[in-house]
Amino acid sequence: MIIYFFLSLFCLYYIFLYLQEYHYHFYGFIEIIKKGLKDKLSYILLISFLGLIHYDFSTSKIINLIIIICYCFFIILKIEEKQILKLKFTKRIIRNLFINLFFYFLGYLFFYRFVCLLPLLSLLISFISFLILVPVEEIIKKYYYHKARKKISKINPLVIAITGSAGKTSIKHFLYHILKEKYHCFMTKGSVNTANGIAKAINLEMNDLCEIAIIECGVSHVNDISEILKIINCNKANMITIISTIFPQHLETIKSFDLLVKEKAKLAQGKLHIGLKGIINELYNSDAKITKIIGIDPFLIDYKIGKSFKFSLDNKEYNYQCNVLGRNNITNILFSITIARFLGLKMKYIESRVRTLENVNNRLKIRKLESFNKIIIDDSFNSNFNGFWDALEVLSSYNDKSCVITPGIVSGGKYIKEYNQKIALKIMEVADKCFLVESVVSGYIKEIFDEKLYDYYYVASFQEAYKMAIEDYQVNSILIENDIPDIYKK
């Protein structure tokens, strides 16, 4: 019985991990089922149905032994996958855990004969527990939302809200770096961009001296922006918004590009909205209720990777020195410069701050491995078509033997095949070889590689690909694109 208890906890760990990854939305359970049906390893759990044919004590012992051996085999193989994301034991996870443990206890108490089925039923049990806690979580959420809204309303900082399909975190960090010497600034740390995360950050980290609050706003489901606005939109006249870019992303949970545009467009409120002209047009054509949009479009004239960029703003040209890599990141800096200029900072001062900017960690960040004489271009946080293309442009600036480690682009809805096949052709153009990590989309890239007879290795995990690339004496520069391939394994 104790063994089945630990087996149930093991299954529950992975259920909670996926549920957390999908921000505790009901859709997370649907994704777990989809992934389970695709993962051949999960079918090992069906062996527990042998428990339904217990005839007597002797056969029961044999059947239980077979089931336990199969479960242990399942655990060993699952652990060997080495999931990169780890479960965070938040208060919400702990609450769910206690409810699940209660149901496990009832199962062991009243269905002792079929206790071997409980690990297999972990998904059903966790779903029931999830439904039971929905009203509790809603009350807790409203309490923290109200507390955060009350606090930010009292402090009344200028809110700079940032959304978009890419570049949110980089813009946030660049803007914070430029403004922090002149203003008391608050920003949501890391990649915190959900309503719950924003409320928690405001409650715990914003102080009474805050003059500017820079807040990253993510969208993975319909009404995500509406939830965030309940917290931060205390005074529309004291809010600036940025929509960096919009392209097909999260179409697994937001079913159409038009819905995605409309959701992001909800943020464009307040005294100023900044976006590229193309994005402004998308917003106006989305039938969303948009008001007070000012399209300020700093124009990039020239860019030398990792050295300088030239741009025009207010009908004047400027040439800034900058170590930041990636054309898209330069656009992110231009958004930050535009806001800093709007706030009244002198261009000479802004230039001095831009000169000291660096790439945000895991977003085209350069690392040197002296012992292996290699350069790592770490763009491993996540991957989208524009960002991947940009990273490959950076890789091409290194005049030496290079390779790419990637599982492909895993989010893109109906464009997913097209994106990956275009990326495959670009990889062939700029990299000497590729370590392609097995994923739900890697087949699209593999198809192109095989057709063109390109030099690549098809590997089972990111860790294996990284080890092979590091030990390859012919490779000097390594681009890591997307660091969470194990989430998207078949």
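Given a 1.4 angstrom probe, what's the average accessible area per residue across the range 341-471, in square angstrom?
Working: 6160 Å² over 131 residues.
I get 47 Å² per residue for this part.
Work out from phi, with θ = phi - 60° and the Karplus expression 6.51 cos²θ - 1.76 cosθ + 1.60, the ³J(HN,Hα) of each residue of the range 26-31, listed in order in whole Hz, and give x for Gly and Pro.
For the range 26-31, the Karplus curve yields 3, 4, x, 5, 5, 5 Hz.
Can you list residues from other chains, or at least 5 along the same chain, whose modelled amide H is less than 5 Å from the amide H of Met187?
Distant-sequence amide H within range of Met187: Ile214.
Rounded to two decimals, what is the ratio between the C-alpha radius of gyration of the range 308-435 and 2.2 N^0.38 Å?
Against the compact-globule rule of thumb, the ratio is 1.22.
Go through 87-96, 165-174, 376-385 and give me the packing order, highest mean Cβ count within 10 Å leading.
Per-residue Cβ counts within 10 Å, averaged per peptide and sorted highest first, yield 165-174, 376-385, 87-96.
Say R0 is 35 Å: what FRET efficiency, to the nearest 0.05, do Ser371 and Asn203 get from their beta-carbon distance? All intermediate terms of the calculation are to be shown ahead of the outcome.
Details: r = 44 Å, r/R0 = 1.26.
The calculated FRET efficiency here is 0.20.
Let me know the Rg and Dmax you get for the range 404-455 when you use only its Cα atoms, in Å.
Both quantities, over Cα of the range 404-455: 10.0, 29 Å.
Between their Cα atoms, which of Lys401/Lys446; Lys150/Lys172; Lys262/Lys348; Lys91/Lys151; Lys151/Lys348 are more than 31 Å away from each other? Please list the in-between numbers first.
Working: Lys401/Lys446 21 Å; Lys150/Lys172 23 Å; Lys262/Lys348 38 Å; Lys91/Lys151 22 Å; Lys151/Lys348 35 Å.
From Lys401/Lys446; Lys150/Lys172; Lys262/Lys348; Lys91/Lys151; Lys151/Lys348, over 31 Å: Lys262/Lys348; Lys151/Lys348.
Can you pull the accessible area of Phe26 for me, 1.4 Å probe, Å² to the nearest 10?
Ignoring ligands and nucleic acids, Phe26 comes out at about 110 Å².
Probe radius 1.4 Å, ligands and nucleic acids ignored: give me the carbon and sulfur share of the accessible area of the range 176-222 as a rounded percent.
49
May I ask you to give the solvent-accessible area per residue for the range 103-213, in square angstrom, as obtained with a 1.4 angstrom probe?
49
Can you sort Lys422, Lys200 by solvent-accessible area, 1.4 Å probe, largest first? Walk me through the numbers before you get to the answer.
Details: Lys422 95, Lys200 130 Å².
Ranked list, largest accessible area first: Lys200, Lys422.
Give the carbon-plus-sulfur fraction of the accessible surface of the range 107-170 in %, rounded to a whole number; probe 1.4 Å, heavy atoms of protein chains only.
Carbon and sulfur: 70 percent of the exposed surface of the range 107-170.
For Ser371, what is the net charge nearby, where nearby means another residue's Cβ is under 15 Å from its Cβ and Lys, Arg count +1, Asp, Glu -1?
+1
With the crude spin-label approximation of a point 7 Å out along Cα→Cβ, what separation in nm comes out for Phe10 versus Asp314?
6.4
Want the number for Glu138 to Val222: 0.36 nm per residue separation, take away the alpha-carbon distance, what's left?
28.5 nm
Over 26 Å between Cα atoms: which of Lys88/Lys417; Lys34/Lys86; Lys86/Lys230 fall into that group?
Going by Cα-Cα distance, Lys88/Lys417; Lys86/Lys230 fall outside the 26 Å limit.
With a cut-off of at most 13 other beta carbons within 10 Å, and DSSP calling the residue loop, which GluC sites (Glu not before Pro) in the range 143-244 qualify? Please list them.
In loop regions of the range 143-244 (DSSP not H, G, I, E or B), the sparsely surrounded GluC sites (Glu not before Pro) are Glu181.
For Ala166, which sequence-distant residues (separation of 5 or more, or a different chain) have an amide H within less than 5 Å of its own amide H, given hydrogens modelled in the peptide plane?
When sequence neighbours closer than 5 places are left aside, the close amide H contacts are Thr245.
Once ligands and nucleic acids are excluded and a 1.4 Å probe is used, how much of Ile214 is accessible, expressed in Å² to the nearest 10?
Ignoring ligands and nucleic acids, Ile214 comes out at about 0 Å².
The values are calculated or read from the model by the stated rules, or taken from the named source; none is laboratory data. Small disclaimer: the values here were computed from a predicted structure and weren't measured. Neighbour counts are summed over all protein chains in view; Cβ atoms, including those assigned to glycine, are modelled from backbone coordinates with ideal geometry. When the accessible area is computed, the model is the full protein with side chains, heavy atoms only, and any ligands, DNA or RNA have been set aside. Shrake-Rupley method; radii C 1.70, N 1.55, O 1.52, S 1.80 Å.
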